[in-house]
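The values are calculated or read from the model by the stated rules, or taken from the named source; none is laboratory data. Computed from a predicted model, the values in this text were never measured in an experiment. When we count neighbours, we look across all protein chains shown, and the Cβ atoms used for this are built from the backbone with ideal geometry, even at glycine. For the accessible areas, the whole protein counts, side chains as well, though only heavy atoms, and no ligand, DNA or RNA atoms are used. Shrake-Rupley method; radii C 1.70, N 1.55, O 1.52, S 1.80 Å.
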Amino acid sequence: MRKLKLNELGRISVKQFKESPKTPIIVVLDNVRSLHNVGSIFRTSDAFRLEAVYLCGITSAPPHKEIHKTALGAEDSVKWQYFNETTEAIEKLKSNGYLLLGIEQVEKSTPLEEFQTDTQQKYAVILGNEVKGVDQKVIDLCDKCLEIPQFGTKHSFNVSVSAGIVLWELSKKWVLTSKEPQ
């Protein structure tokens with residue numbers, strides 16, 4: 001095995017990214033405080049060619065050198081929008097036909113591996129604050145809450161790790177069935 005060189009990876013340009021079909025998922029960040037987590041989520045959103053990232057409340061927005069440090073330019077390729085209140089973003093998504101998926105430990109949550117995706121459905125994945133999680137008033141507006149099964153002594157993942165796990169699970173149908181998202 002030989003490690004591939006950057007020019008062998010077949011990466012697309014920012015222009016090609018913006019013009020290409022997207023996986024119908026929008027990530028909503030509900031008061032995420034760490035700029036590194038925000039940057040990491042932009043990078044993951046770029047990797048899975050997602051529609052957009054919505055930044056809400058205290059979540060910082062580009063341009064910012066600390067976001068760029070982990071996003072590595074993905075903040076330039078992935079469409080994003082800022083909302084003062086997460087509920088504003090949720091209402092916009094709901095009115096545009098998105099299924100709202102809170103990523104949180106709640107009563108009657110659906111284990112991530114049991115959630116069935118539908119390639120005809122658009123999804124919004126709501127991720128919360130590093131300490132408080134997704135706000136209850138936001139959870140109340142969600143269609144479902146998904147929970148990532150955990151088997152150790154801790155009760156949570158870092159928000160950017162949760163994003164990677166959930167976004168892979170939801171987007172893999174599109175990623176695995178074609179070269180480009182549908």
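Just a few scattered comments:
- When the P(r) is computed for the stretch 1-125, the part past 26 Å accounts for 27% of the Cα-Cα pairs.
- Split the accessible area of the stretch 67-126 by element, probe 1.4 Å, and carbon with sulfur accounts for 44%.
- Whole-Å semi-axes of the ellipsoid equivalent to the stretch 42-182 (Cα gyration tensor, √5λ, descending): 21, 19, 17
- Solvent-accessible area per residue in the chain equals 57 Å², computed with a 1.4 angstrom probe and all protein chains kept.
- Couplings 3J(HN,Hα) of the stretch 100-109, computed from phi: 8, 10, x, 9, 6, 8, 9, 4, 6, 5 Hz, in residue order, whole Hz [Karplus 6.51 cos²θ - 1.76 cosθ + 1.60, θ = phi - 60°; x for Gly and Pro].
- Basic side chains Lys and Arg get +1 at the Cβ, acidic Asp and Glu get -1 at the Cβ, and with that the dipole of the stretch 21-140 about its Cα centre reaches some 340 debye.
- Across K154, K137, K69, mean-square fluctuation computed from a Gaussian network of the chain (C-alpha pairs under 10 Å connected) peaks at K154.
- Annotation for the stretch 103-160: GluC sites (Glu not before Pro) lying in DSSP loop with at most 14 further Cβ atoms inside 10 Å of their Cβ are E107.
- When the helices of the chain are scored as -39500 (n - 2.57) per DSSP H run of n ≥ 4 and the total is divided over every residue, the value at 222 nm lands at -10000 deg cm²/dmol.
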